[in-house]
Each structure stands twice: as structure tokens, then as C-alpha cells.
Amino acid sequence: MDAALSELMQGTGYCEDGVPVPVALQNGQHLNGPLPDHAEGQHFLKEAFQIILEEALCQGTDTKEKVCEWRDPEELRAILDLELRDGGESRDQLLRRVRDVAKYSVKTSHPLFFNQLFAGVDYHALAGRFLTETLNTSQYTYEVAPVFVLMEEVVLSQLRSLVGWEAGDGIFCPGGSVSNMYAMNLARYRAFPQVKLRGLWAVPRLAVFTSQEGHYSICKAASFQGIGLENVFLVNVDERGRMIPDDLDRKIELARTQGAVPFLVSATSGTTIQGSFDPLDRIASVCEKHGLWMHVDAAWGGSVLLSKKHRHLLNGIERADSVAWNPHKMLLTGLQCSVFLLKDTTNLLKRCHCANATYLFQQDKFYDVSLDTGDKSVQCGRKVDCLKLWLMWKAVGTQGLEERVDKAFAYTRYLVEEMKKREGFRLVNEPQFVNVCFWFIPPSLRGMEDSEDYREKLSKVAPNIKERMMRKGSMMVGYQPQKGRVNFFRMVVLSPQISQEEMDFFLDEIERLGRDL
């Protein structure tokens, strides 16, 4: 065979048995085709990294630079030349592609990016992101991800201790919405374990409870899992957007009178718009009274647990059965870094989700198979999300993370006090968290509150200012209507790069962009 293979690779065209070999094999293209040019690839990578460093990091965090280089869709399509062709492009062309992607993308690390519940950059976490992408492994077995299986175990344990649990379980998930879906699935499985084998026909009509300002993912989860949107009961909130426990109690009784079986309450610590914190202790008491699973969606507000000054906002969270928490938001680990934490110590997570795939989770491995955590997940392949948080935590310590949270609260207070000194700014509510919701009332509308078209005109102010700031590239902040309130801004203060100057610039820029409306 060795002689035959040698003959084949020399292009004779015949195997041992005299059968002609296809031309492609005669040329050695299939058995011994061109090998990757590692030197060339690494040279390209170094140049690409230099562009990323310059465009996305140096310029992307400089207040003198734009937050975004806005282009309308058709113009942007032409600039980017997005078409995929049969032939490849040169290194210079590819580097230009890298530069264009960086140039025309929104700089979410910019100190004046206030648009989402994530912002800023932590360089240690970013190094972790680069490393996990390069290692390109999947977090499902110890044999393929030994470092990260052990690391995830430690990070989850540390996060659980912040919640107030001495033991428990958990998993990193692709976003807070999926964490909330995990909670719903586990709560249903605990109440009706037969659902895994027999399906939905084996369970009664079920009822889920969340507040009117709870995250939309609760409704998505109910739809996705066959519970149904009509079986999500929305609990009333007070004037600051917090769930009213007495109304929760009433809604649970109402659901029962309608023939439904309550099984899950999802409270919120840090609502998306107003940043409200539900009264967890009182909600936990209602859940205990009715024997319901209590989940806390702390995707946004969970990081407040790190602050001695402010963690009282989550008093009672230790009484919950499960918690969703997104460190990629306030802790700046970068997308994505979301955890689902569980008080249960009976391996409920695995029992609910396992499929026992024998090609992956063999039980006769030479190491402790309990380290193979992949069967806890609804995914198979699972990205490594723990390293970025672990490396950042190693760099700054728990104290550094606490200072980060406290700084965000301090600048929020500064911003609110400055707003109160300026004409034209009107708060929706006093903020509980780092969400500052407000209207800007331009000079033309001041004193016109009683006019018939005042609300209609005010509703157009935020969208117009948003368009102007986007086209100018000066900063980014979101807006939305809510219930009976017309469009108002939601300013989110969380980046560690911000300073008093950025807060002052923000207010000045809103005034500049809106004074003639």
C-alpha cells in the first residue's frame, strides 16, 4: 500500500488494483492539497488586530470621535460591498473590509453611548473574549474544555454566594431571555415531571405571573413552551413600576377560578425601562403561601448585589428558587455573559434537560463524568462565557466590581440633580437605579401643557432629537412610549469611562439638538 500511495501521489494515476484514479486525485489535490499558510494567516491577523485596536478601541473610546458614522441603508450597502463571490479577495481588500466594518459600526464602548443596557469596555474581559474565540471550544464536556468546566463551576458558585445561597446549581446561557425560559421549563418540570415524557397533553392549563413591566421574554417563553400567552397574568405595578404583591395574590386566586394551575412567578430586579425593583421579600411570601416557584429576572439589576450600599434593593432574593443575571450589562464583561442560577441541589437542571447522548456523555470515561455539564443545557454546542468574567474579576477583584456599581449610582444622582436645575427637563419618575427616564420639552412647548395638541407634539420631540444625534454621531440614547406616556428618553448610566464632563455634555447636547423643535 505504501508503494501504491507513493505512486498515487506522484501522479501515476493507478491504485494497487489497477483502477484509474480521478484527475483531481492524480494531482494530489484531495489527499495532499494546499496546506494553510499559517505565517500568512498570522500576519493578516496582526494587521487586522491593529485596525481593531485603532478603529474600535482607540477611536471607539475617544470622546472627540463619533459614536457612530451614520449612513442610510442603501449607501451603507454600497460602501460595504456585501456581495459574496466565487473568488476570494486579496489581503489588502480584506483589511479594508475589516476597517470598514469597524468604522461604520456603532461604538458601544464610547463614553457617550447610552442607548442600551450594556456599554463601555473592560480590557481584561476583552482579552478573555479574544482567547475563548481563538481556542474555539465548546463548554459541554471536561475532556474538550477542562479549564472552562472547572472555571464555570467556581464562577457560578461565587455568584450564588452573592445571591445568598450556600449551595445550588446553574449554567451560563445565551442571554437573559433564555435564562428566563430555563426558569419556566424547570418550574413546570418540578410541578409536572411527566411533561418531559408525555408532553403537553399530560399537564393541566398552567398559569404564569409577572408584572406589567416585566421583560417580554416571559411572554415569549410561555409561547415557546406551549403554555400560551393568555395564561401569562400581568400583575399591576405601583407608580414607580414595582409589582404590587397584594395584586399578585389576587391574580393567583383569579387564575384558579378560571381553571388554571399557577406554577411560576417571575419577579423583576431592574426593569428594562424604569429600572424598577420588585419587593422580593413580600413576593416570596406570596409564592410560599401558594406553593409556587419564584424566579427573579435580575438580568439588569443583579450586579447591584455587589454593592454594600445598594444591595438592599434586592432584599429577599435569597428566598427565590432561581435567578437570571447578565454580567455583560452592568459589569461590562461584553456580550454575551448571562447566567441562570438555581437554589436546587437535586440535579434538577440535568434531570429536566438531559438526553443522555452516548456519543458525548459516555458514563465509562476515565474521569469524573459529573464534570460533563452539557446535558444540563438545552443546547449542544455552548460557547465559553465564563472566562471573560473570571479574568476581569481576577484583575479588579470583588472590590473593584463594587466600585464600578457604586460609581454608576453616583453619576446617576449627579445627572438627576443637574436635570432639575435646567429648564426643559422633566423626569418621568425619580430613578431607583441607573435608568433616568425623562422628557425634554423644547422652548416652543413650555407652558403649553394644557393645549389640545401638546401630547402629540411632545411625542415627536424624542424621535427628532434621536435622529439628529444619530446623523451627527455625537451620542446615542434610547426613547420609547410606555402605557399612557408619550415618547420619553431612557438614559442609562453604567460605563466606567464616564465622567462628570460626559454627563454635562449629554445635557448640553440634548438642549442643542432640541432647542428649535
Next on the checklist: So, K466, is that one over 28 Å from K66 (Cβ atoms), modelled with pLDDT of 95 or more and of a type in the set (D, E, K, R) or not?
Outcome noted: no
Next on the checklist: Anything in segment 74-102 that is open to solvent by 80 Å² or more (accessible area, probe 1.4 Å) and either within 26 Å of Y479 (Cβ to Cβ) or in contact with a strand residue (DSSP E or B) (Cβ under 6 Å, 6 or more places away or on another chain) (or both)? List them, or say none.
Outcome noted: E74, E75
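So that you can scan it fast, the table gives a plain yes or no per residue for (1) closer than 21 Å to R250 by Cα; (2) open to solvent by 40 Å² or more (accessible area, probe 1.4 Å); (3) of a type in the set (K, R):
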{"site": "L264", "(1), (2), (3)": "yes, no, no"}
{"site": "G275", "(1), (2), (3)": "no, no, no"}
{"site": "G291", "(1), (2), (3)": "yes, yes, no"}
{"site": "H295", "(1), (2), (3)": "yes, no, no"}
{"site": "G302", "(1), (2), (3)": "no, no, no"}
{"site": "T345", "(1), (2), (3)": "no, yes, no"}
Next on the checklist: Restricting to segment 159-183, give me the number of residues that are open to solvent by 20 Å² or more (accessible area, probe 1.4 Å), in contact (Cβ under 8 Å) with a residue 12 or more places away in the chain and in a helix (DSSP H, G or I).
Outcome noted: 5
Checklist outcome for this item: Of the residues in segment 450-474, those that are in a loop (DSSP other than H, G, I, E, B), open to solvent by 30 Å² or more (accessible area, probe 1.4 Å) and touching a helix residue (DSSP H, G or I) at 6+ places or on another chain (Cβ under 9 Å) come to S451
Next on the checklist: Can you say whether D344 is out of contact with any Leu (no Cβ under 9 Å at 6 or more places or on another chain), at negative phi and of a type outside the set (K, R), as far as the supplied structure shows?
Outcome noted: no
Checklist entry - Can you name every residue in segment 503-517 that is open to solvent by 10 Å² or more (accessible area, probe 1.4 Å) and farther than 16 Å from Y414 by Cβ? => result E511, R512, L513, R515, D516, L517
Checklist entry - Is there a residue being in contact with a strand residue (DSSP E or B) (Cβ under 9 Å, 6 or more places away or on another chain), basic (K, R) and either at pLDDT 95 or above or crowded, with 17+ Cβ neighbours inside 10 Å (or both) anywhere in segment 234-242? => result yes
Item to check | Cross-chain or 6+ apart pairs with Cβ under 8 Å, segment 406-419 first and open to solvent by less than 40 Å² (accessible area, probe 1.4 Å), then assigned to a helix (DSSP H, G or I) and at pLDDT 95 or above | outcome: L415/M503; L415/F506; L415/L507; E418/M503; E418/D504; E418/L507; M419/L507
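The values are calculated or read from the model by the stated rules, or taken from the named source; none is laboratory data. Quick caveat, the model's predicted, so the values are computed rather than measured. Please note: Cβ atoms are built from the backbone with ideal geometry, for glycine as well, and neighbour counts cover all protein chains shown. Side chains are part of the model used for accessible areas, which takes the heavy atoms of the whole protein and leaves out ligands, DNA and RNA. Shrake-Rupley method; radii C 1.70, N 1.55, O 1.52, S 1.80 Å.
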